[in-house]
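Working notes, structure below.
The values are calculated or read from the model by the stated rules, or taken from the named source; none is laboratory data. Nothing here was measured: the structure is a model prediction, and the numbers come from that model. Please note: Cβ atoms are built from the backbone with ideal geometry, for glycine as well, and neighbour counts cover all protein chains shown.
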Amino acid sequence: MKRLALALLAALAAGCGPRYQSITFTLLNNTPVPVVVDDDAIEIPVGIAASIKATLHSSSMIEYDQEALDLDSQDRGVLAADPGPGARTFVLTGVAVGETCLSVEVEFAEEDCIPVRVTAAPP
């Protein structure tokens, strides 16, 4: 009976962890034209690269620590999303005018998809 109780406790503990609530971004570089990088929408002109830091927020009492995070553009012909030089940093580059979605993957599961609009380069 004691082994069963320990096994149940171990199973419950394994399921306890952060639960995705949202993501926020911090723009790390100065861009020559305005770029919008929010948790609910991203807008970037063609030819502009924005370096960002992503911060995950949990809806549970347990915060994110070293969990795997990836940002992936659903259409790399419109927006390129590549890993940056630091932890949880990424470089977003407007490739062509259009719309796509930036997938937020935490521990290899898609948790969110943020709408992206790539606009024409300013004159």
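Whether a residue is in contact with a Leu (Cβ under 9 Å, 6 or more places away or on another chain), of a type in the set (Val, Ile, Thr), surrounded by 13 or more Cβ atoms within 10 Å (Cβ to Cβ) and closer than 14 Å to residue 25 by Cα was assessed, and residue 89 passes this test. The set of residues in the range 39-64 being free of Cβ contacts under 8 Å to residues at least 60 places away in the same chain and not small (Gly, Ala, Ser) consists of 52, 53, 55, 56, 57, 61, 62, 63, 64. Go through (1) touching a Pro at 6+ places or on another chain (Cβ under 9 Å); (2) over 22 Å from residue 19 (Cα atoms); (3) not β-branched (Val, Ile, Thr) for residue 83 and report which single condition fails. Just one mismatch for residue 83, condition (1). Among the residues of the range 31-60, those identified as out of contact with any Gly (no Cβ under 7 Å at 6 or more places or on another chain) and of a type in the set (A, V, I, L, M, F, W, C) are 33, 35, 36, 37, 41, 42, 49, 50, 52, 54, 56. When 22, 103 are checked against the criterion of being within 12 Å of the chain's Cα centre (by Cα), surrounded by 14 or more Cβ atoms within 10 Å (Cβ to Cβ), assigned to a strand (DSSP E or B) and modelled with pLDDT of 95 or more, 103 stands alone in meeting it.
For the range 44-91, the set of residues classified as among the β-branched types (Val, Ile, Thr) and not in a strand (DSSP E or B) consists of 48, 62, 78, listed by residue number. Within the range 25-43, the residues that satisfy the criterion of being over 16 Å from residue 97 (Cβ atoms), in a strand (DSSP E or B) and of a type outside the set (Ser, Thr, Tyr) are 25, 27, 37. Close Cβ contacts (under 8 Å, 6 or more residues apart or on different chains) running from residues in the range 97-109 that are farther than 17 Å from residue 54 by Cβ and touching a residue at least 40 places away in the same chain (Cβ under 8 Å) to residues that are part of a strand (DSSP E or B) and not polar (S, T, N, Q) comprise 97/46; 97/118.
For the range 28-49, the condition holds for no residue, the condition being that it is over 30 Å from residue 123 (Cβ atoms), modelled with pLDDT of 95 or more and either polar (S, T, N, Q) or surrounded by 10 or more Cβ atoms within 10 Å (Cβ to Cβ) (or both). Any idea which residue in the range 106-123 is modelled with the lowest pLDDT, counting only those that are of a type in the set (A, V, I, L, M), under 14 Å from residue 21 (Cα atoms) and surrounded by 14 or more Cβ atoms within 10 Å (Cβ to Cβ)? Among them, the one singled out is 106.
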